[in-house]
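Taking it in order: structure first as structure tokens, then the write-up.
Please treat every number below as a calculation from the coordinates, not as lab data. Quantities reported herein were computed from a predicted structural model and do not represent experimental measurements. With ideal geometry, Cβ positions are generated from the backbone for all residues, glycine too; neighbour counts draw on all protein chains shown.
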Amino acid sequence: MALLQGTLDLIVLRALTAMGPQHAYGLAARLEQVADQPFTLNQGTLYPALVRLEQKGWIKGTWRTTESHREAKYYAISRAGERALGRETERWRRLVGLIDKLLPRES
Amino acid sequence: MWRWRRFWLRLDRFLRPGRAERELAREVEAHLSLIEEDFRRRGLPADEARAAARRAFGGVEQAKECQRDERSFVWLEALRQDVRHAARSLARSPGFALVVVLTLALGIGADTAIFSVVNAVLLRPLPYADADRLVRLVEQVPGSETRDGQPQRRVVFTGADLDALQDSRTLSQTAGYGLSVLIMRAPDEAVRFMAAAVSPAVFGTLGVRPLAGRLFEPQDGAPGADQVVVIGYDLWQAHFGGDPRVIGQPVSLQPLLGASRPNQAYTIVGVMPPAFHFPDGRTRAWIPSRFGAAQRAFAIARLAKGASIDAAEAEAGSILSRARGRDPQKSDAAPPVRVTLVRLQDDLVAPVRPALIVLAVAAACVLLIACANVASLLLARTAGRQREIAVRLALGAGRGRVIRHLLAESVMLSLAGGLAGTVLAIGGVELLRTLAAALSRIDLGGGVSLPRLDEVGVDGAALLFAVATSIVAGLLVGVGSALRASRPARMNALRESRAATGPGLLRVRPRGARGSLVAAQIVLATTLLVDAGLLVHSFVALAAVDLGYDPSNVLTFQVATPGDLYPDARVQAFAERLVARLRGIPGVAAAGFARQLPLVQLVDSLPLRTAPAAPAAPSASPPDIRLVSRDYLKTMGVRVIDGRGFGDGDGPGRPRVLLVNETLAHRDFAGEEPVGQSVYLGSDAEPWQIAGIVDDVREFGLDRPPEPQIFIDFRQASALGLPPFPLGPYFVVRTSGHPATLVADVRRLVRDLDAQARALNVAPMDRIVAATIARPHMYAVLVAIFAAVAVTLAAIGIFALLAYAVAQRTREIGIRLALGARRGRVVALVLSQSLIMTAIGVGAGLAAATVGARSLASLLYGLTPLDPATYFLAAVLFAVVAAVASWVPARRAAKIDPVVALRCE
């Protein structure tokens, strides 16, 4: 299953809100885990989304050490990110509702 | 908010990619380690865990590339690569790059220089508040047509007119001004400069502020009020050392023109900023003036807000009709007054606008030729790089990317050309300054050679223009070759062996694209050559006009005496004594003085009658009267054709004699012997005897035919009632060496003779003559330079094309020679290529010139824009240049050794 364009940012923001600060691998693992059907995500595809969100100021990355004493860059959602998540979620719902109405229902 | 943040961050990552790149590498490395650790924990062996981690991550380089695109601007990154690549590829052929940069520098330099002039003079608004609403009033006088059928324009209005116009609702302010010359007397020097006598309202109308002090107030200039003056920045710097305490200082001023005032004590009340030049750049000071009801003045006005020019013209017309209708002197049948309002800026630049447009078009032609030349060179270069390009296309570069890369090269070249061109433009503007900086004196009439010259410079706008022109030119010259070279069909280049892509005998294409580019250059260059030929021809004709006197080795000057208050008799006595002393200086051949010099705008005429009671012929214009000293005509080198000149025997109490010029002799004494006849002048009842006939002198300008003229010796002139020295006497000294060597002696002599007197307006006569033709000289020099550059570029274009063709066809020519073709045939083969192209180009160029040169009509003297000799010479000149440019490649073709040519394949 391919990701719908533009949804990755929303997913990342949501995941960070739910789980707290995460590194890229943690995020990727989480996405694979929550998917209904197992979908294989090339973990590298997260990087453009991460740099985009960071440049927008919605998430912030800091280097920390993991429990296994390895270094990793942890991303945390910012205030602005939380506000943006609210806006984006709202927009996404409206969009889904609209598309839902337009598509023929399987009955 | 976040959009800006992201924009700046992306720009920052573009400019400083290093840190972001290291951070990315570290993060990806950490990510891989985490996955690997996970796999190991699940029991995979170390090496398999590493491989599995890479599989799970996906393509590391793709991920990094996507991140780079996201964190910076993709197109900027691509541009950076293109620029780097282009620079490397150009560095490999520095000769080519140099030729292209220099060619474009000439074109862009010419355009930038002319742009800075056109922008400063024609386009930029005058430095007044809301300058677009400032107008000058011009009256169209009905019933009096000038020679070219236009109604006569009258630019002066009376004080009564100005007063009446104050009631206008469409003109918010109206002010008058007149020109004046002031003599400022300081303790140790006397300075004469141009000034303006202005309505106190003039500064308010223009909307200007002083640099220091105040401007005029309504009561200034009223009779009995203190006399005040506002000085210009130049005068302030030159004679008051830029001292701000000058405000309130007294100064002694004597107006030379206009009403003379007994009281010379003025107070300086204000200083104007350096950029203020009203009415023109020569004005150094302003004095307030109430224009009396009958006094005449030029008029400017400011259009009221919301008023249109048409409405204001109509209202001003009706106001003036009413005001003058009230005048009991005028009959009630006076026709309505028609007023035209001319934008102040248009009025100021009108004399140079046609020429500047011609120059701008000429500069654009030079740039187009340079572009065509470079485009042709680039076509040849990309043709030579076909294999390289084909390889890049084959390796997956998109066509767009290849085109962009090639365009990056041409734009880089043209930006370098623009940089060099800007340096050229700065030099060009300096040259223009030198050409335009002619002697500019109010007594010589005419305006400055180039209005607003001080505002001309390669400024920010000009730099912006140079950059924009460079980019456009770079795209223009590159687009043809880029599109052509990247055509997918060109992929065939890969399939062929290197040898076969060489000049195969059957595959020599006619030089289509490059040939037409060179032909276009020839057309443009020929057109410019014709234009330059016409202007140079016209200037030479003007400079070669027989003046009727010999201006070389003549020093002219005037003398300011405290005086200008002295009675005329005293001035005349002083002049006689000075001339006697001047004759004593070693190296002085002759000396004299006169009421005015040739080209000085002072004219008085008196009707000439052959009998005391006979009326003058009504159609004949009254002759121009010139008062001169005994030796003036001899000093100036005016030839006496018949009879005699003035001599010692003439003087007060002797028979009254005068000299007439040839034009007068022909007009009024056709078929008779004028010498010895008696004539009567004006209302003078006593006769004058014609003692001699002198050669015609061009008194009013080199382009004005001589008019009937009479010379009278000062010693006998008192009966005429003409003021002898309205502008002060003009002295002339003929020297055996260069007149400049005499200047110090003259100044000393003048001071010795009268401690109060000072020499001024010291100038060699030939400089005065040159000043009157400074403008045509400037145009001819500039257009000739453009034409020379154009012809040189076109010649280089022809040469490069033929040289390339010969190089391409080396093998073919080798085979022809091997099969027995004579070398003469080979030369003819090459020359015929260029001959056909040149013939077509020159023909089309001459045809284009017949259309284009019409705009030159107003700039030409003594020839029409279709002057056949000029066209013929231009064609011959270009043919010779083209022949020379073709000869070298043709010789090279003939010298090809068939053995070498065939073996090198």
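Counting only DSSP H runs of at least 4 residues, each contributing -39500 (n - 2.57), and dividing by the residue count of the protein assembly as shown, the helix-based mean residue ellipticity at 222 nm comes to -16500 deg cm²/dmol. Sparse packing (at most 15 other Cβ atoms within 10 Å of the Cβ) combined with a DSSP loop state is found for the following trypsin sites (Lys or Arg not before Pro) in region B:285-380: B:305, B:326, B:330. Computed with the Debye formula from one identical point scatterer per Cα of region B:582-681, without solvent, the log10 of I(q)/I(0) at q = 0.15, 0.20, 0.23 Å⁻¹ comes to -0.74, -1.25, -1.51. Straight-distance candidates among the aspartates and glutamates for linking to residue A:101, with alpha-carbon spacing under 18 Å and chain neighbours fewer than 8 residues away dropped: A:90.
Our estimate of slack between residue B:770 and residue B:546, defined as 0.36 nm per intervening residue step minus the Cα-Cα distance, is 79.3 nm. Given a Förster distance of 30 angstrom, what is the FRET efficiency for residue B:163 paired with residue B:704, based on the Cβ-Cβ distance and rounded to 0.05? It comes out at approximately 0.20. Computed on the Cα atoms alone, the convex hull of region B:562-756 gives a volume of 130 cubic angstrom per residue.
If you plug the beta carbon distance of residue B:42 and residue B:468 into 1/(1 + (r/R0)^6) with R0 = 41 Å, you get a FRET efficiency near 0.05.
A Förster distance of 35 Å, applied to the separation of the beta-carbon atoms of residue B:895 and residue B:788, puts the FRET efficiency at 0.70.
Taking 7 Å steps out from each Cα toward its Cβ at residue B:1 and residue B:140 produces label points 6.5 nm apart. Legend: ranking of residues B:581, B:704 from fewest to most surrounding C-beta atoms inside 10 Å; resulting order B:704, B:581.
The alpha-carbon positions of region B:533-596 define a convex hull whose volume is 128 Å³ per residue. Both the radius of gyration and Dmax for chain A are 15.4, 54 Å, in that order, over alpha-carbon atoms. Helix B:60-71: angle to the longest alpha-carbon principal axis of chain B, degrees 0 to 90, nearest 10? Taking the Cα atoms of chain B, the angle to B:60-71 is about 20 degrees. Taking the C-alpha atoms only, the angle from helix B:512-543 to the longest principal axis of chain B is near 10 degrees. Taking other Cβ atoms within 10 Å as a rough exposure proxy, B:887, B:286 sort from fewest to most as B:887, B:286. Fewest-first ordering of B:626, B:92, B:392 by other beta carbons within 10 Å of each residue's beta carbon gives B:92, B:392, B:626. With 10 Å bins beginning at zero, the pair-distance distribution over Cα atoms of region B:133-349 amounts to 8, 32, 32, 19, 8, 1 %.
Averaging the sequence gap over all C-alpha pairs within less than 8 Å and six or more residues apart, then dividing by the number of residues, gives region B:11-162 a relative contact order of 13 percent. Once you reduce region B:822-839 and region B:344-382 to the center of their Cα atoms, the two points are 32 Å from each other. For region B:79-134, the calculated P(r), taken from all Cα-Cα distances in 10 Å bins from zero up to the bin holding the longest distance, is 20, 24, 22, 17, 12, 5 percent.
Over the Cα atoms of region B:657-795, the radius of gyration divided by the Kirkwood radius equals 1.12; this is the Rg/Rh ratio. If you fit an axis through the alpha-carbon atoms of helix B:309-325 and take the longest principal axis of the Cα set of chain B, what angle between them do you get, 0 to 90°, nearest 10? For helix B:309-325, the angle is close to 0 degrees. Under the simplified labelling scheme, the residue B:79-residue B:26 pair shows an inter-label distance of 3.0 nm, with each label point 7 Å from Cα along Cα→Cβ.
The convex hull drawn around the Cα atoms of the protein assembly as shown, when projected onto a plane and averaged over every direction, covers 67.5 nm². Here chain B is treated as an ellipsoid with the same Cα gyration tensor; its semi-axes, largest first and in whole Å, are 71, 40, 25. Note on residue A:19 and residue B:880: the model spin-label points, each 7 Å out from Cα along the C-beta direction, lie 8.7 nm apart.
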